[in-house]
Structures are given as C-alpha cells and as structure tokens.
1. Is one or more of the residues making up segment 65-74 modelled with pLDDT of 95 or more and polar (S, T, N, Q)?
2. Sort out which residues of segment 11-45 are in a loop (DSSP other than H, G, I, E, B) and open to solvent by 40 Å² or more (accessible area, probe 1.4 Å), and write them in order of number.
3. Among strands (runs of 3 or more DSSP E) lying entirely in segment 46-158, which contain 3 or more residues that are open to solvent by less than 50 Å² (accessible area, probe 1.4 Å)?
4. Of all residues in segment 77-107, which are within 18 Å of Ser128 (Cβ to Cβ) and within 15 Å of the chain's Cα centre (by Cα)?
Amino acid sequence: MAEGYFLVPIASALRMEQAEAVLNGTLAAARAEGLLPLAVAVLDAGAQLVAFRREDGCGVLRFEIARGKAQAALGMGIGSRVVRDRLRERVAFQAAIAAASEGRFIPVPGGVLILDAQGQAIGAVGVSGDASDRDEYAAIMGIRAAGLGAHPAEPAPAWREAGL
C-alpha cells in the first residue's frame, strides 16, 4: 500500500455481533416453539443487510418477505404489526408506499425494530416462514436474547393461535 493510504471507518450503530445475536436468538426461539422453517433478515438503521439466514425447508421468497417486513418497520419507524393496524383502512396509502419503496414494504407482523438503551432504532429484524404473528414472536425473542429493546415490545396476545 502507498504511504498515507487509509480508509475512514464507517460507524455502525448495529454491530455485526449484535445482528448475529439477534439472528441466533430468533432461530432459537422459533425452534423452542416448533415454528415452521424461517428466514431471518437483520438490517441496520440504513436498511442495509447485516445478517441473514434461511433454514432448510423454507420457501424461496422468504428472504424478500423477511427483508420487506424489516424495511416496513424502518420506513415507518414502528413495528410492522403496528404499520398494518394503522394502515388497515388506508389501502391507497399502502399501495403508494409499496410503489415508492419498489416493493420493499411488507406491512404485516414480523418486522420488529431493534432499539438501543436510549430507545432509538438501530436496525430491524424481519422474519418470514410461519404465521406472521408467530414470526413476530420469534423476532421479539431474538432481540431480547441479544440484550436489546424491541418495538413492539410484546408479541400479539394470541400469537400461538395464529394461522397461516
């Protein structure tokens, strides 16, 4: 290398170790509850993919769905279940957001914001493979396992009874 050659490090609020802890915790929670095979995408606050895993037997579109759930949460600043609930009657607005995001906006449960100790979003995890409320449960448990906060903080009350 030439003398004086260097790169300025780019700061990341969500470190790779944290993203991997979220991913591993999510899959551990899913296996403990016997969920269907999952795809898990962990994004930083700029919606860049930091970690991803797709379990054996998972459908081929699950990556795109998981990422879209996480991007919906980041794009709106709330968990994707809350996005769904708030936009339930606003179909035209949902369509406009989907168009603006070039299809990277999936407003159903399973996209959960990852919060730091100050309550700021440092990323999001998106999960797809089981019923959406079950996906969200696994995501919240994965974030907790990594010692971070989640939005929403609690899974849907009847997440175990959710059907596909």
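1. Within segment 65-74, one or more residues are modelled with pLDDT of 95 or more and polar (S, T, N, Q).
2. Ala11, Ser12, Ala13, Arg15, Gly34, Leu36, Pro37, Ala45, listed by residue number.
3. Details: elements: 49-54, 111-115, 121-128, 149-151.
It comes to 111-115, 121-128.
4. Within segment 77-107, Gly79, Ser80, Arg81, Val82, Val83, Arg84, Arg104, Phe105, Ile106, Pro107 meet the criteria.
The values are calculated or read from the model by the stated rules, or taken from the named source; none is laboratory data. Nothing here was measured: the structure is a model prediction, and the numbers come from that model. Please note: Cβ atoms are built from the backbone with ideal geometry, for glycine as well, and neighbour counts cover all protein chains shown. Accessible surface areas use protein heavy atoms only, side chains included; no ligands, DNA or RNA. Shrake-Rupley method; radii C 1.70, N 1.55, O 1.52, S 1.80 Å.
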